[in-house]
Amino acid sequence: MVDAHVHIEQGPYTREWINKFIDQAMLKGVTELYLLEHTHRFVEFKEYYEEIIKYNEYQSSWYNRRSGVSLQSYINLVQEYKSNENKHISVKWGLEVCYLPGIEKAVEKLRKQNIFDFYTGSIHWIRGWGFDHKKEFWADKNIDEVYTQYFDEEKQLLKSGVFDHLGHPDSIKCFDYYPSYKLDKTYDEIINEAKTSGITFEQSCGLYNNYGHTTIGLESTYLKKLKENNIKLITASDAHCPEDVGKNIAKALTIMNNA
């Protein structure tokens, strides 16, 4: 089994901390483990988050609590661990990159250095607004417009061509708000871009594990269309602690295989 989206952010950059994730992965039958960090953690990416920081006081406080880490400290961990790889499980290292204006240039620069094994692009922000933070922040939003903007961002992410994985591709549904219109045409447009980019889509347990969402993974129509068009898929827990590595991956895989 594969768990392609596991965050290490709640602990120190030490072998002891990383081994907790590996031990849990092996316990859950995960054979390929993808470890990553959010770009908002690193001071080197702060310029891309300025609109988010200025959006409101809540987001400014949120960002300041979670940022300030040096990217080099993470790179040092990756390089040290790669020099002493675990022989019993495949461990890959990467970044989850919030897709924000201009950030693909930073990703392109990093890719040339061959530091990370993969880059996961994801949508967390719509015009500076963090749609997945609090349900009450949706109160004054036009849901149809939000969905249009979200998937427009997703299409741009795919067009950039710098990402290996698309993280939680329909996380806009995190608080169970849905548009008044069918998304079939939108999914078709996304898939057309995906065919060109060659990107792998996550079948993510993140909303189920972290938000209490009622279903696991992609909306059924989205998933079926991806499979019909032979778009690559990969299972992901979106774990943020060692205990959640591999959580509900087997269920996600079954849903994916039976779609």
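Other residues with beta-carbon under 15 Å from the beta-carbon of Glu51 carry, at +1 per Lys or Arg and -1 per Asp or Glu, a net charge of -1.
Taken about its Cα centre, segment 90-170 carries a charge dipole of roughly 380 debye when the Cβ of each Lys and Arg holds +1 and the Cβ of each Asp and Glu holds -1. For segment 69-98 versus segment 1-51, the spacing of their alpha-carbon centroids is 8 Å. Summarising the label geometry, the points placed 7 Å from Cα in the beta-carbon direction at Lys224 and Trp17 lie 4.4 nm from one another. Between the beta carbons of Asn84 and Glu50, assuming R0 = 45 Å, the FRET efficiency works out to 0.75 to the nearest 0.05.
Relative to the current alpha-carbon distance between Lys112 and Asp176, full extension at 0.36 nm per residue lengthens the span by 19.1 nm. Taking the average, over residues, of other Cβ atoms within 10 Å as the packing measure, peptides 47-54, 76-83, 28-35, 234-241 rank 234-241, 28-35, 47-54, 76-83 from highest down. Amide H to amide H distances under 5 Å link Lys92 with Leu33, Tyr34, Leu35, where only residues 5 or more positions off or on other chains count and H is placed in the peptide plane.
For Val162, Val6, Val97, the sequence from fewest to most other C-beta atoms within 10 Å is Val162, Val6, Val97.
Going down the table (Lys173/Lys227; Lys112/Lys185; Lys54/Lys109), which pairs top 24 Å between alpha carbons? Cα-Cα > 24 Å for Lys112/Lys185; Lys54/Lys109; rest within. Arranged from fewest to most other beta-carbon atoms within 10 Å of their beta carbon, Asp144, Asp170 become Asp144, Asp170. Residue order for Tyr177, Tyr208, fewest other beta carbons within 10 angstrom first, comes to Tyr177, Tyr208. Note on segment 102-143 and segment 226-259: Cα centroid distance 20 Å, given to the nearest whole angstrom. Amide H to amide H distances under 5 Å link Ile126 with Phe131, where only residues 5 or more positions off or on other chains count and H is placed in the peptide plane. The calculated FRET efficiency for Tyr58 paired with Lys232, based on their beta-carbon distance and R0 = 45 Å, is about 0.80.
No lab work stands behind these numbers, since they all come straight from the coordinates. Keep in mind that what you see is a predicted model, and the values were worked out from it rather than measured. Cβ: placed from backbone, ideal geometry, glycine included. Neighbour counts: every protein chain shown.
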